Amino acid sequence: MMALVSSTPLLRKARAEGYCVGAFNVHTLEMLQAVVEAAEETKSPLIIQSTVGTVKHLGADYIAAAATVASNRSSVPIALHLDHCSDFGIIMQCIRAGYTSVMIDASHDPFDKNVAATRKVVEAAAAVGVNVEAELGRVGGVEDDIVVDERDALLADPDECAKFVELTGVHTLAPAIGTAHGIYKGDPNIDFDRIGRIASKVSIPLVLHGGSGIPENQVRKAVSLGMSKMNVATELRIVFSDAIKEVFAANPEENDPRKYMVPAKLALKAAAIEKMRLCGSIGKA
């Protein structure tokens with residue numbers, strides 16, 4: 001039996017040993033169970049994530065309770081993370097509910113405002129040992145209802161990253177390095193040189209946002225340069241939904257949720273195992 005853990009030690013170990021921990025966005029109990037079973041089977045550390053939209057949809061307490069049950073039944077370390085949140089109230093609600101990691105996203109604000117907002121969350125989380133992630137620069141695409149124009153997706157400056165970490169005391173940093181949320185229309189244009197420069201100036205774990213559909217060799221290269229957490233959301237939703245569509249295509253009269261949720265769960269579990277292999281986290285629990 002293991003209680004939910006802070007993602008800080010999981011990610012520090014990953015950064016020190018040169019692998020990456022998969023962070024999977026889940027929206028239903030079956031999705032949560034699928035990624036937990038994948039982690040258990042591969043002996044991978046795991047970060048379960050929910051977006052603000054999913055917190056509003058299911059409730060932070062429901063999500064935290066389900067994640068706690070999963071962790072209690074599991075032999076691998078599991079953290080529960082709130083993805084991309086710019087609302088201090090929701091962050092505090094999630095911490096109170098039992099989340100062990102939160103992301104304050106004030107990357108749309110000027111540098112000083114981002115620093116102030118991040119520091120406020122770092123101070124609040126310190127008392128309960130919760131990991132705090134922040135973003136610098138802007139990751140393109142859509143995350144819930146936060147839309148970033150492609151041209152507006154400003155890449156993070158390595159010196160600014162170092163200054164930001166020093167001023168905020170943040171535990172993990174998501175620098176914009178050319179990835180995007182969602183599925184890529186063309187090949188992602190990742191600035192590997194920039195990852196290397198940021199990693200050389202910042203000792204804390206770095207986070208790769210927009211991990212759906214990045215070619216395998218590019219993921220491995222980003223991890224080797226210091227990316228210690230990879231977020232995967234869109235790809236999981238597609239795999240899960242496609243499996244359900246297949247059941248209804250074969251049997252339009254089906255009305256037993258178990259009959260379509262079980263294939264969806266199995267498909268998602270297989271996809272999660274593939275991502276864990278790619279992250280190099282198998283056997284690292």
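The values are calculated or read from the model by the stated rules, or taken from the named source; none is laboratory data. The structure displayed is predicted, hence computed values, not measured ones. Cβ coordinates were reconstructed from backbone atoms using ideal geometry, including for glycine residues, and neighbour counts include every protein chain displayed. Protein only, heavy atoms only, side chains kept; ligands, DNA and RNA dropped before computing areas. Shrake-Rupley method; radii C 1.70, N 1.55, O 1.52, S 1.80 Å.
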- [ ] For the chain, give the percent of accessible area contributed by carbon and sulfur heavy atoms, probe 1.4 Å, rounded to a whole number.
- [x] 54
TODO: Any lysines with Cα under 17 Å of the Lys113 Cα? List them, leaving off those in the same chain fewer than 8 positions away.
DONE: Lys163
TODO: Among the lysines, select those whose C-alpha is under 16 Å from the C-alpha of Lys43, and discard any that sit fewer than 8 residues away in the same chain.
DONE: Lys13, Lys269, Lys275, Lys284
TODO: Could you work out the mean projected area of the convex hull around the alpha carbons of the chain, in square nanometres to one decimal?
DONE: 14.0
Task: Label-point separation in nm, Lys259 to Asp112, each point 7 Å along Cα→Cβ - done: 6.3
Open item on the list: From the helices alone, meaning DSSP H stretches of at least four residues, give me the mean residue ellipticity at 222 nm for the chain, per-run term -39500 (n - 2.57), in deg cm²/dmol to the nearest 500.
Closed with: -16000 deg cm²/dmol
Open item on the list: With every protein chain kept in place and ligands, DNA and RNA left out, what is the accessible area per residue of the chain? Probe 1.4 Å, answer in Å².
Closed with: 43
Task: Ranked order, Ser6, Ser281 - accessible area, probe 1.4 Å, largest first - done: Ser6, Ser281
TODO: Could you pull out every residue, at least 5 positions away or on a different chain, whose amide H is within less than 5 Å of the one on Leu208? Hs are placed 1.01 Å off N in the peptide plane, and Pro or chain starts have none.
DONE: Ser228, Lys229, Met230, Asn231
TODO: Work out, step by step, the length gained on full extension between Lys221 and Val69: first 0.36 nm times the residue separation, then minus their alpha carbon distance; give nm to one decimal.
DONE: 51.2 nm
